[in-house]
Every structure is written in C-alpha cells, then in structure tokens.
Amino acid sequence: MKNAIRTLILAGAAAFTLAACGPSEADKEKAEAAAAQQQRIAAETAALVLPTDITNKAAWQKYLSAQVTKFMRENQAAVKTSHPYMYYVPPGDDADAQAARQNQLNNVQDAVERGVLPGNLMAFGGPQSGATADLIVDAFKKAKDGSFKGTFVLFIGAPADQDRVKDVLSKTGADYRFIEMK
C-alpha cells in the first residue's frame, strides 16, 4: 500500500513538473505573434524589389506600399498613424498620364490647403522620379510657413530630385524623409 501511494505521489509530481515545463498560453501567443511578424517582414522584403516595367502599375504600387510600410515600422515612435496618405504618380507623357498626374496634383493641393495633422505621413512615389518631384514641388508651393510641423513627408525617388523637394518642404516645417528607389 505504501509503495502504491509513493508511486502515485511520484507520478503526480512528475505530471506537475512536466506541465510546469511546457510553454504557457502567453508564451504561445508571443511566439505566434513573432512568427506572424516575421512573415510580414519577409513579404515586405520580397516586395522591395524595384519593378523594371514602368507601366506595371500594380507592381509599382506594391513596391511603394512596401517602402512605406518599412518606413512606418522603422519609425513607429514618431509616425502616429497606421493609415498614411499615399500618392502614386503615374508615368508617361501621353494625355491620359498627364490628366492622371493633374488629378493627383489637385488631390494633393487640396490636402495641403486643408493641412495634415502632426504625426501623419504623406508618401509620394512613382516610376518617374522627376514627375513625382514636380508634383510635390507644385503641390507645396503655396503651403504656409510651418503649416506641416510634425507631419512626415516621404519622397521615394532618385537622389537627383531629392534637394528640390527638400527645398520646397523646408518652409512648411514638415519632417522630410527621402528613400532612394533601388
């Protein structure tokens, strides 16, 4: 009888020990969240390949979205929004492309006139860096001094266009950031 009780006590102690050694629910949730984050980062990294076809709008939008997502992840402490204002500037010199860029310029000018709250992000990009820079410069020409203080403006383009965008944004107080397309 004593042996049976001892065996039962040892078996119970072993079961409790094994149960205590296993991961808790919180640990499991943390591991699942970390795995999901790693999957998102892997998908983001895969999308950071510069498209070679300037007419492939879907590929360019995916690339630009990945750049913005990466920027927001790396600047979580400063960028307060999870929904940035993203502006894709279409390429080309035909009438349709010019009309699409003019429409986009009107949208951005309206946003500039209304203003954007601090902590928000306005991101600009497109296959032709010069056209994107032109749009930003034209849209912010009439912006009031200091009207974008605390707002992030992200330009995804070529280094050759970076300074002229920086110059027009400097008076607005915007936190200007540049990412080279590569």
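The values are calculated or read from the model by the stated rules, or taken from the named source; none is laboratory data. Remember, predicted model here, so these are calculated numbers, not experimental data. No Cβ is skipped: glycine too gets one built from the backbone with ideal geometry, and neighbour counts run over all protein chains shown.
Might you check whether a residue that is basic (Lys, Arg), modelled with pLDDT under 90 and assigned by TED's automatic domain parsing to the domain that holds residue 145 occurs anywhere in the range 67-85? Looking for residues that are basic (Lys, Arg), modelled with pLDDT under 90 and assigned by TED's automatic domain parsing to the domain that holds residue 145, one finds at least one in the range 67-85, hence yes. In the condition set (1) among the basic types (Lys, Arg); (2) touching a residue at least 24 places away in the same chain (Cβ under 8 Å); (3) under 24 Å from residue 72 (Cα atoms), residue 114 is compliant with all but (2).
For the range 57-92, the candidate set comprises residues that are in a loop (DSSP other than H, G, I, E, B) and among the aliphatic types (A, V, I, L, M); within that set, the residue that is nearest to the chain's Cα centre (by Cα) is 79. Checking each residue in the range 93-110 for being of a type outside the set (A, V, I, L, M, F, W, C) and either part of a helix (DSSP H, G or I) or over 16 Å from residue 57 (Cα atoms) (or both) picks out 96, 98, 101, 102, 103, 104, 106, 107, 109, 110. If you check residue 17 against the conditions, is it surrounded by fewer than 10 Cβ atoms within 10 Å (Cβ to Cβ), at pLDDT 70 or above and either in the same structural domain as residue 156 (by TED's automatic domain parsing) or on the phi < 0 side of the Ramachandran plot (or both)? It is false that residue 17 is surrounded by fewer than 10 Cβ atoms within 10 Å (Cβ to Cβ), at pLDDT 70 or above and either in the same structural domain as residue 156 (by TED's automatic domain parsing) or on the phi < 0 side of the Ramachandran plot (or both).
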